[in-house]
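Here's the structure we're looking at; comments come further down.
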Amino acid sequence: MPAPPPLAGLRILELAGIGPGPFCGMMLADHGAEVIRVERPSSGGLTDPSRDPLLRSRRTIVLDLKRPDAVAAVRHLAGTCDGLIEGYRPGVMERLGLGPDLLLADNPRLVYGRMTGWGQTGPLADVPGHDIDYLAISGTLHALGEAGRKPAAPINLAADFGGGGMMLAFGMLAAILHAKASGEGQIVDAAMTEGAAVLSSMVWGFRAMGMWSDARGNNLLDGGAPFYDTYETADGKWIAVGAIEPQFYAALRRVMALDGAEWDGQFAVAQWPKLKGLLAERFRERSRDAWIDAFAGHEACVAPVLGFDEAVADPHNVARGTFVTSGNVVQPAPAPRYSASATVPPRMAGAADSAAILQEAGFTAAEIAALL
């Protein structure tokens with residue numbers, strides 16, 4: 001039997017929000033932390049909680065934070081936790097009476113995680129925004145897209161989730177390790193703009209080495225290179241090519257019969273537009289799956305671009321259990337995997353556990369009835 005999940009024993013209080021805050025809570029819950037989500041009474045929201053993987057695997061308590069007794073209950077719960085996640089604009093938690101000064105005074109070991117777009121300070125701290133805005137001022141959005149065309153937002157993956165929720169989860173765990181060793185809690189200020197910038201660290205290195213142009217779609221990894229791009233096939237589907245290293249490029253040439261001398265200068269940047277055009281014509285000669293069959297066993301770093309339904313049925317993903325179904329919702333399984341520890345099988349959000357959570361925290365039946 002696998003060992004318990006690696007974060008078993010950690011207790012996190014999550015103040016309900018959307019996007020990166022819940023993603024952080026999901027990551028921690030997936031790996032064994034007990035995460036209690038504090039929801040406000042509401043007639044509805046952007047998503048259906050019972051079908052939203054971001055809300056999986058934690059219990060929920062519904063409290064009206066406009067009421068002093070509800071705020072006091074949250075403060076009491078925070079005193080029993082290792083960490084807290086909140087994603088409001090700067091100053092909101094302080095105005096509620098749940099700011100870090102008060103909660104750290106109650107619980108000096110508490111790690112107080114703050115998720116915002118711009119950060120807790122700076123000229124933009126109080127300005128509203130979304131993933132695309134935070135990505136924009138990080139410099140990263142400028143680099144995304146095809147040559148000669150507008151910047152292309154990668155859904156909301158890079159700022160909300162990669163630079164936001166994932167970065168906050170890392171920061172929370174780093175600070176919790178510190179608190180376990182020192183007894184000292186602290187605030188984690190996770191700004192999506194800064195997280196998105198960190199994700200582009202390799203590109204900043206390439207720029208410093210003179211290996212990256214600010215012109216979109218003209219570089220090694222942004223679709224500028226003919227051997228690192230996506231191509232349409234005869235059936236209107238797409239194939240991804242990542243043949244960077246010489247041996248993989250040689251395999252690409254071999255399978256596609258790219259014998260002309262123009263293919264010898266793999267890194268002759270001036271020739272890249274011409275070679276991309278030739279490759280585009282060549283890939284349109286066969287269907288996507290026919291090309292994948294042709295590349296089988298040749299190690300050219302070529303893969304089919306799969307839609308969501310195709311990804312779920314892909315043999316490699318099936319073998320790895322990359323996707324699971326919970327509550328009739330197909331969703332990504334927890335990642336990464338561990339050699340000794342288990343992760344938590346996803347459990348979709350259900351009815352609120354308000355009374356049970358408050359009872360466990362020591363509230364009387366009368367107090368619970370008044371709060372709810």
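Values quoted throughout were computed directly from the atomic coordinates according to the rules given, and no laboratory measurement underlies them. Remember, it's a predicted structure, so these values are computed and weren't measured experimentally. Cβ atoms come from the backbone with ideal geometry, glycine included; neighbour counts cover every protein chain shown.
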What distance in nm lies between label points placed 7 Å from Cα along the C-beta direction at A181 and Q120?
2.1
Roughly how tilted is helix 68-78, in degrees to the nearest 10 and between 0 and 90, from the longest Cα axis of the chain?
60
Which whole-Hz couplings ³J(HN,Hα) result when phi for each residue of region 149-162 is put into the Karplus expression 6.51 cos²θ - 1.76 cosθ + 1.60, θ = phi - 60°, listed in order with x for Gly and Pro?
10, 5, x, 10, 6, x, 6, 10, 7, 7, 8, 4, 9, x
Apply the Karplus curve 6.51 cos²θ - 1.76 cosθ + 1.60, θ = phi - 60°, to the phi angles in region 214-223 and return the couplings in whole Hz, x for Gly and Pro.
6, 6, 4, x, 10, 10, 4, 10, 10, x
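Assigning unit charges at the beta carbon (Lys, Arg +1; Asp, Glu -1) and nothing else, what dipole magnitude in debye, to the nearest 20, does region 228-310 show about its Cα centre?
Charge dipole of region 228-310: 200 debye, to the nearest 20.
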Considering the dipole of region 228-310 built from charges on the beta carbon (Lys and Arg +1, Asp and Glu -1) around the Cα centre, which of A270, F308, V255 is farthest to its positive end?
A270
Choice from A147, A270, A335 with maximal GNM fluctuation in the chain (Cα, 10 Å cutoff)
A270
With +1 at each Lys and Arg Cβ and -1 at each Asp and Glu Cβ, the charge dipole magnitude of region 260-365 around its Cα centre, to the nearest 20 debye, comes out at 100
For mean projected area of the Cα convex hull in nm², which listed value, [x] 25.5; [y] 22.5; [z] 18.5, comes from the coordinates shown?
[y]
Listed residue (G113, L144, I244) projecting farthest to the positive dipole end of the chain, Cβ model:
G113
Quick one: among A73, A280, A208, which has the greatest mean-square fluctuation in a GNM of the chain with alpha-carbon springs under 10 angstrom?
A208
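Test of understanding: given the chain, find the longest segment containing no chymotrypsin sites (Phe, Trp or Tyr not before Pro) that are in a DSSP loop and have at most 14 other Cβ atoms within 10 Å.
1-266
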Whole-Hz Karplus couplings 3J(HN,Hα) for region 242-259, θ = phi - 60° and coefficients 6.51, -1.76, 1.60, Gly and Pro as x, run x, 8, 7, 5, x, 5, 6, 5, 4, 5, 4, 4, 5, 5, 8, 6, 8, 9
Out of residues 5 or more away from V305 or on other chains, whose amide H comes under 5 Å of its own, with H placed 1.01 Å from N in the peptide plane?
W238, I239, A240
Hey, got the dipole for region 78-138? About the Cα centre, +1 on K and R Cβ, -1 on D and E Cβ, debye to the nearest 20?
40
Once the in-chain neighbours fewer than 8 apart are removed, the lysines whose Cα is under 27 Å from K150 read K237, K274, K276
Can you put S201, S50 in order of Cβ neighbours within 10 angstrom, beginning with the fewest?
S201, S50
Between helix 272-283 and the chain, what is the angle of the helix's C-alpha long axis to the longest principal axis, kept within 0 to 90° and rounded to the nearest 10?
90
Please determine, in degrees from 0 to 90 and to the nearest 10, the orientation of helix 20-30 with respect to the longest principal axis defined by the Cα atoms of the chain, where the helix direction is its Cα long axis.
80
Only Cα pairs within less than 10 Å get springs; with that Gaussian network setup on the chain, which residue of M348, M26, M166 has the largest fluctuation?
M348
